[in-house]
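Written out below as structure tokens is the structure these notes cover.
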Amino acid sequence: MMTTATSLELEGEVAAGLGEGSRFTAIDWVILEFRRKLGFIPWPGTFNLRMRGTAWDWARSRLRAAAGIAITPRDGFCAAKCFGVHIAGHLTGAVVFPEMPDYPDDKFEIVAPLPIRETLGLQDGDLVNLRLDLFQSARDGAAAA
């Protein structure tokens with residue numbers, strides 16, 4: 001893991017999601033909020049990774065403490081914060097951390113303007129390198145590289 005004042009480098013394992021991301025990313029207010037704050041319209045669904053180990057434990061505490069990019073919910077939905085992320089050195093998007101007390105500690109969900117799994121030819125269990133932007137707006141680089 002490499003860390004600078006503004007970024008974290010991590011590795012995650014590709015994992016199947018629950019299918020909830022595709023419904024969430026298709027909601028009108030979510031699309032507008034992501035477009036306005038992240039600079040792109042999300043591809044339907046999220047790219048899911050499982051994160052483990054002491055490097056992730058340390059990174060998770062840094063992410064919880066960092067301001068991130070706030071996603072303001074409509075009634076009945078939870079708030080979230082996002083951070084710009086570079087995936088496998090090729091694509092950019094944003095990792096979304098819903099502010100839910102029971103959100104799994106090892107779950108890492110990424111939204112992007114295109115289907116990450118298909119674009120990079122990834123399957124469950126594959127390892128992926130990531131670089132997170134802690135203090136930079138995802139809007140500054142939220143498109144395919």
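The values are calculated or read from the model by the stated rules, or taken from the named source; none is laboratory data. Note that the coordinates shown come from a computational prediction; the quantities given were computed from them, not determined experimentally. For neighbour counting, all protein chains shown are included, and Cβ atoms are generated from backbone atoms with ideal geometry for every residue, glycine included. SASA here: full protein model, heavy atoms, side chains in, ligands and nucleic acids out. Shrake-Rupley method; radii C 1.70, N 1.55, O 1.52, S 1.80 Å.
Can you give the accessible area of ARG52 in Å² (nearest 10), computed on protein heavy atoms with a 1.4 Å probe?
Looks like 140 Å² after rounding.
Please give me the summed charge of the neighbours of ARG52: other residues whose Cβ is under 13 Å from its Cβ, Lys and Arg +1, Asp and Glu -1.
-2
Quick one: Kirkwood hydrodynamic radius for the chain, alpha-carbon pairs, angstrom, one decimal?
So the Kirkwood estimate lands at 15.1 Å.
Assuming R0 = 25 Å, what is the FRET efficiency of GLU9 and TYR103, from their Cβ-Cβ distance, to the nearest 0.05?
The calculated FRET efficiency here is 0.65.
Run the simple label-point estimate for CYS78 and ILE27 please: 7 Å along Cα→C-beta, distance reported in nm.
Modelled inter-label distance: 1.2 nm.
Please name whichever of LEU38, VAL95, ILE27 sits farthest to the positive end of the charge dipole of the chain, dipole taken about the Cα centre and charges placed at Cβ: Lys and Arg +1, Asp and Glu -1.
My answer, from the dipole projection, is LEU38.
Got the relative contact order for segment 39-138 handy, in percent, Cα pairs under 8 Å and 6 or more residues apart?
So the answer I get is 37 percent.
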